[in-house]
Amino acid sequence: MGFLSLIIALLVEQVRPLRSHNVAYNAVRGTAEALERNFNAGEKQQGILAWFILVAPLTIFAWLVYFLLLRVHPFLGLAWNALVLYVTLGFRQFSHYYTDIQLALADNDLDRARALLTEWKRASDPTFSAADLVLSDICRLAIEEALVASHRHVFGVFFWFVLLPGPSGAVLYRLSDFLARRWNPVDRHAPLEPFGLFAKRAFHWIDWIPVRLTAIGFAIVGNFEDAIFCWRNHLHQWADASRGILLAAGTGALGVRFGPAARNVPDVTAAGDPTAAGYDPAADAMPGVEASPAALQSAVGLVWRSMLLWTLLLLLLSVAGLFG
């Protein structure tokens, strides 16, 4: 049933993509804002309470409806699974920006590509601007954003959907991801506010296994050796460890160099001397070529091959369950 639900949700999404300002998303967004406005008095405990008030009822509701519908008829349980997955999982929730950037670069319209990238990234970072970026930087940042989005919109949801009964895992993951970003500052150098601290840490642990499985998937369907090499040697380039795992494995799997504009390598010791901590500059040389428009299509292939890998695995598990 899980496999069929996933296929139905993905097919429906390809035919009729879900808008970003739909009823479900607007309701969750409004509730999160109301909880922060009414509960945030600068204490961590208030953030914990607000997180459970939003996440727990919706996760339980998703499971309870599935349980009741399944008792009436298996088809109703399947339909509910597919509906919730349609809302929580999908490529088309972020891929329109990526596709439009590809089209703009194919037309040599760098200004259009910069504007699209700025609009896309400002959803998570209101201060971002791509106005001065060159072609390779536009391609690099678009690939990075797509790989992270593919994990958080597809692979992370997929893992928890399989793990928990009904669509409750998909709801848990999407809500946790949303609150971790909504209730915390964008500036990576700013300290976490007490109210958003639990949401950030909760998502870190909820995403701990999925992010590593996604990275393993990138390695399997891409350049395995380089993906593992970059995963082991280049995590220090990203302040966020989860993002670093995804992008380090992704850059190796694709054979394309990318990373943050401000790297964290120089200050690995209190004295500011990288060699004092055994840092080897030669080991920091990332394999691969500079990002280009051709690499954008390669990244699409990597994501789709990963999706095929995990979908086939779910199919095998479903078949084993039928005959087990």
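The values are calculated or read from the model by the stated rules, or taken from the named source; none is laboratory data. Here the structure is a predicted model, which is why all the values come from computation and not from measurement. Glycine also receives a Cβ, built like all others from the backbone with ideal geometry; neighbour counts cover every protein chain displayed.
Details
- Which listed residue, of 158, 178, is under 18 Å from residue 58 (Cα atoms), touching a Leu at 6+ places or on another chain (Cβ under 7 Å) and among the hydrophobic types (A, V, I, L, M, F, W, C): 158
- Residue check for residue 239: in a helix (DSSP H, G or I) and not acidic (Asp, Glu): no
- Count of residues meeting criterion [outside any helix (DSSP H, G or I) and surrounded by 13 or more Cβ atoms within 10 Å (Cβ to Cβ)] in segment 1-42: 4
- Check on residue 197, at negative phi, part of a helix (DSSP H, G or I) and surrounded by fewer than 20 Cβ atoms within 10 Å (Cβ to Cβ): yes
- Condition check for residue 157: within 18 Å of the chain's Cα centre (by Cα) and over 20 Å from residue 301 (Cβ atoms): yes
- Residue check: residue 176 meets all listed conditions (1) within 30 Å of residue 292 (Cα to Cα); (2) buried (at least 20 other Cβ atoms within 10 Å of the Cβ) but one, namely (1).
- Failed item in (1) surrounded by fewer than 19 Cβ atoms within 10 Å (Cβ to Cβ); (2) at pLDDT 95 or above, with residue 171 passing the rest: (1)
- Residue match in segment 172-182 (condition: among the charged types (D, E, K, R), in contact with a Lys or Arg (Cβ under 8 Å, 6 or more places away or on another chain) and closer than 22 Å to residue 9 by Cα): yes
- Only one of the listed residues (97, 25, 66) is touching a Leu at 6+ places or on another chain (Cβ under 7 Å) and of a type in the set (Ser, Thr, Tyr). That residue is 97.
- Restricting 253, 283, 299, 248 to those that are more than 20 Å from residue 152 (Cα to Cα) and either part of a helix (DSSP H, G or I) or at pLDDT below 55 (or both) reduces the list to 283.
- Total residues in segment 208-256 satisfying the condition of being in contact (Cβ under 8 Å) with a residue 60 or more places away in the chain and either touching a Gly at 6+ places or on another chain (Cβ under 6 Å) or closer than 18 Å to residue 142 by Cβ (or both): the figure is 9.
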